[in-house]
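One structure is given here, and the rest of the page talks about it.
The values are calculated or read from the model by the stated rules, or taken from the named source; none is laboratory data. Here the structure is a predicted model, which is why all the values come from computation and not from measurement. Virtual Cβ from ideal backbone geometry, glycine too; neighbours counted across all protein chains shown. For accessibility, only protein heavy atoms count, side chains too; no ligands or nucleic acids. Shrake-Rupley method; radii C 1.70, N 1.55, O 1.52, S 1.80 Å.
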Amino acid sequence: VPVGPGHNGCYGSGLKQEVAAALRALRDNLLAEQKELEENQAGCSCVVQWKHLESWELQGRSMQQLSSLRASLQQEVHALSAELVAHLLVRDQLRTKQDAMLLDVGDLT
């Protein structure tokens, strides 16, 4: 397959097919990775469903109960922050990988 332009300045059809196949493979890989991440996120989320407490419910609790509730909420915030950072790192890695693949595809054209 000729790499440079053929007659009328057009690239060979083989190269176009190769680029199209590379783009399809890139799309399929990214979709598979995204699906895998979504499945992992559904299974590993550490979010606890908290019951909404009205002010009268809080007023009826002791200081020790309120301190315990506060500590558990702080732990939950910390865990969610750590989970968010992990997801952001994965997102950045996927974007970097996508950019590299797009550069490879760009080099083919």
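Below is a table of values for the structure above.
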quantity	calculated
Most to least accessible of H87, H52 (protein chains only, probe 1.4 Å)	H52, H87
FRET efficiency for E54 and Q34, using Cβ-Cβ distance with R0 set to 25 Å, rounded to 0.05	0.05
Label point distance in nm, R91-R27, each placed 7 Å from Cα along Cα→Cβ	2.4
Those lysines that a straight Cα-Cα span of less than 30 Å connects to K97, excepting residues fewer than 8 apart in one chain	K16, K35
Positive minus negative residues near L73 (Lys, Arg vs Asp, Glu; Cβ under 14 Å)	+2
